[in-house]
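Comments concern the structure below.
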Amino acid sequence: MRISFPAVLVAGCTAALLLQPAATGVAAEPGPQRRVSAGGGSVTSLPLTDGRGLAPRSTRPFELLGAVWDDPERTLAGGSVRVRTRSAVTGAWSGWHELEADGKDGPDARDGRDGPAGGTAHGATAPLWTGPSDGVAVEVVAGPGGLPEGLRVELVDPGQGAAAPSATRVLPAEPPQGHPAPRPGIVTRAGWGADESLRDQDFVYTGPVREVFVHHTATATAYTCADAPRVIRAIYQYHVQSSGWRDIGYNFLVDPCGTVYEGRAGGVDQPVFGAHTLGFNTDSSGVAAIGTFVTEPPPQELVDGIARIAAWKLGLTDQDAAGHTRLVSSSDASRYPKGTEVSFDTVSGHRDAFNTECPGTALYGRLGDIRAAAALLQGR
């Protein structure tokens, strides 16, 4: 099954600064830095020297990219980064894609802003899935406050993944009492080839999960469901190696075929503290649809997959999937000031907690169906 998604475009540009004009040829790569993981993946960093873009150039193979800068408290502040990529399959260059720069996903203070082995977190755009690529061009536009220091483009090659055991799915287990739902099949981290040496080896837990926030990864332009593990590995590497987080931000991910994948490590039946909804990561779980669903309608299989994992996860604490719960904001950067108590649908979209279009208008419009299906699975 191949699903095509439109690239995400973020509206709004301000004064342009130091644009590097696109050349017709392919320039030499200027001093990239490459970090290789044990699972065979890599991240190549291309500095945007003096805030300039990059003329079209050949690169090492990659399948996902994003823009990163030093200070996690800085943003592009009205600026933008646009990219073009060259297909390693056809040799054709894509059109220009603007990277999402609203900082919508991220760890709360409780999770810490330090990555594995004491690494420092960075500011970053959302990643963009490009598919197999071997060339890139970049245009940079500065906002009124200028550009953040250390601006660079990170190119992620997911590699073949760490060796996985023969069994890649968690088998159903006996559900709790109350209003449980059947436990869906879940592809484990080993199943999608996670290199466990990359993440922080300690786990952080929240209180009982009372809320599921639905996201879209806003990464995919076109991929098959068989490619989903590669997409997840690339997001994982970008969150950890580029953004400096302790692990992938989402607790679960779901592909267009409805397959559910384990996200952040620590136990799928445990209240693992994620980095998916800034200000409201406490007592919640983040479920990300792999793809971009702004105008493209989500496949029914994906909707059903989200309903299954939401029903089961909320059923562990007997939370009504069609009900409401109250959470307290832990960050002024969220949609609500720190300390504000907010009532949410038990299954909500990211945009309900943060000023973002996530999980995309098309998927957001299906949340009512997801709540109803999840509640039915809980026997309510």
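Measuring nothing but alpha carbons in the range 302-380 and taking Rh as the Kirkwood radius, the Rg to Rh ratio lands at 1.00.
When the chain is fully extended, how far beyond the present Cα-Cα distance does ALA372 get from ARG60, taking 0.36 nm per residue of separation? Mind dumping the intermediate values first?
Numbers: separation 312, 0.36 × 312 = 112.32 nm, distance 4.62 nm.
Length gained, ALA372 through ARG60: 107.7 nm.
Which of rounded, prolate or oblate describes the range 176-320 when judged by the alpha-carbon gyration tensor and an a/c cut-off of 1.5? Cα axes put the range 176-320 in the oblate bin. Evaluating 6.51 cos²θ - 1.76 cosθ + 1.60 at θ = phi - 60° for every residue in the range 72-83, the Karplus couplings come out as x, 7, 7, 10, 6, 6, x, x, 7, 10, 10, 9 Hz, glycine and proline recorded as x.
In order along the range 282-297, the Karplus-derived 3J(HN,Hα) couplings, from 6.51 cos²θ - 1.76 cosθ + 1.60 at θ = phi - 60°, round to 6, 6, 9, 10, x, 10, 10, 7, 7, x, 10, 10, 7, 10, 6, x Hz, and Gly and Pro are given as x.
Bear in mind these aren't lab numbers, they're just calculated from the coordinates by the rules spelled out. The model shown is predicted, which means the values in this text are computed figures rather than measured ones.
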